1. In degrees from 0 to 90, rounded to the nearest 10, what is the angle of the helix 232-242 Cα long axis to the longest principal axis of the chain?
2. Roughly how many debye, to the nearest 20, is the charge dipole of the chain about its Cα centre, given +1 on each Lys and Arg Cβ, -1 on each Asp and Glu Cβ, and no other charges?
3. Over its Cα atoms, what ratio of radius of gyration to 2.2 N^0.38 Å does the chain give?
4. Among all the lysines, which ones have a C-alpha under 30 Å from LYS128's C-alpha, if same-chain residues fewer than 8 places away are not counted?
5. Give the value in nm², to one decimal: projected area of the alpha carbon convex hull of the range 217-371, averaged over all directions.
6. Work out, step by step, the length gained on full extension between ILE59 and ASP118: first 0.36 nm times the residue separation, then minus their alpha carbon distance; give nm to one decimal.
7. Gap in Å between the Cα centre of the range 253-293 and the Cα centre of the range 69-143?
8. Counting only helical runs of four or more DSSP H residues, what would the 222 nm mean residue ellipticity of the chain come to if each run contributes -39,500 (n - 2.57) and the total is spread over all its residues?
Amino acid sequence: MNAEAHDGGPGYASPEVARHQPPERFVYVASLYEGTGIDRPDFIAVVDVDPESATYGQIVNRTEMPNVGDELHHFGWNACSSACHSQLQRDTMIVPGLRSSRIHIIDVSDPRAPRIKDVIEGEEIKEKLGLSAPHTVHCMPGDIVTISMLGDADGNAPGGFAVLDARDFSIAERWERDAGGIEFMYDFWYQPRQNALVTSEWGAPNTFKDGFNPADVAVQMHIYLFLASRHPDAARSLCDALRPRMEDDRIWVYYEVAPFIPRLREVDLALRGCAVRVPERRLRGQPAGQVPYLELAELRRRLLMKEDGAAARDSLRVLLARLARDGFAAIERQPPLVYHNDLTATPPHFHWSADIGYALWLRSYVETQRRSGQSAPRAGAGR
């Protein structure tokens, strides 16, 4: 870290000025135990990056958080070049916990040995600002630190921006006066000379915080397809394990009420040597408009597996014509339900995709044409 200031401030007036400064001697890395099964606090690792140092490239210190379960993510400074006219010193890191909603204030006046000087508890932020899940930290003009917050106090959308006073790190306010239709929050950056700030989107914390479940049936199907072309023995072992478990409720995580993708993948697995079928009970009680897509997946399977291929082809043509009627109105009105989050999460989230509906229609049409001895139209034909 280089703490030399420009005109008494914490940063540099331009990239050109910054280029001529001494290089950093230490860098700081968020290091996580959260999610590993190890019951220890996350920490900030101090890495020596001075090529002349005897400990170059090594972790020379660890600043451990006071609690377990933070899930450290992005972090930032109390002052920086984007607010270079401040009289503050760049000597404090603001380190949020994405899962805990805590914000750690870390003193780096000794760059080699940072120390925690304060912790803002997540409950205080929720109570004062109605926000949770701090993500991206940036200093801003006016001696403030602004933090994008992915969720409201309950972990749902929309989130917003929390503002800390960069002088004493008290909670100041919400940065936005009006959300203006923002649905989700994620990263952000700003251009002070243009008086503009740009944000991107991710999602509400409750929809992603419990992460990826590799036991899910469709995840296992996709892994099988990967292994089948690269590690056939491992693929066979996976198929042997998956086949008897298709009835097991524990593997129906993201597709419990959305069996379309597993149904669609049946033929892909069968053609690569793994005959598994979606249990019939999973196909009953579907949301409105989903039956045609399940029928389409089954007819494709019969066509490609040459099970009563002529009848499957004719039935497929009828179904494709029905879906294409009135400018594909059925797909636009009720697209395929592709997956949902873990239904134990709050709130549940369902992902529908008309694009997948159109792509599946086109692929099925081409396959039907080829198996009837007709050529599929060339790209651009009929324009």
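All of the numbers you see were taken from the coordinates with simple rules; none came from a lab. Treat the numbers as computed from the prediction; the structure is a model and nothing was measured. Because the Cβ atoms are built from the backbone with ideal geometry, glycine has one as well, and the counts that use them run over all protein chains shown.
1. Taking the Cα atoms of the chain, the angle to 232-242 is about 80 degrees.
2. It works out to roughly 2560 debye.
3. 1.30
4. LYS117, LYS209
5. In nm², the orientation-averaged hull projection of the range 217-371 is 9.7.
6. Residue separation times 0.36 nm, minus the Cα-Cα distance, leaves 18.9 nm.
7. 46 Å
8. -9000 deg cm²/dmol
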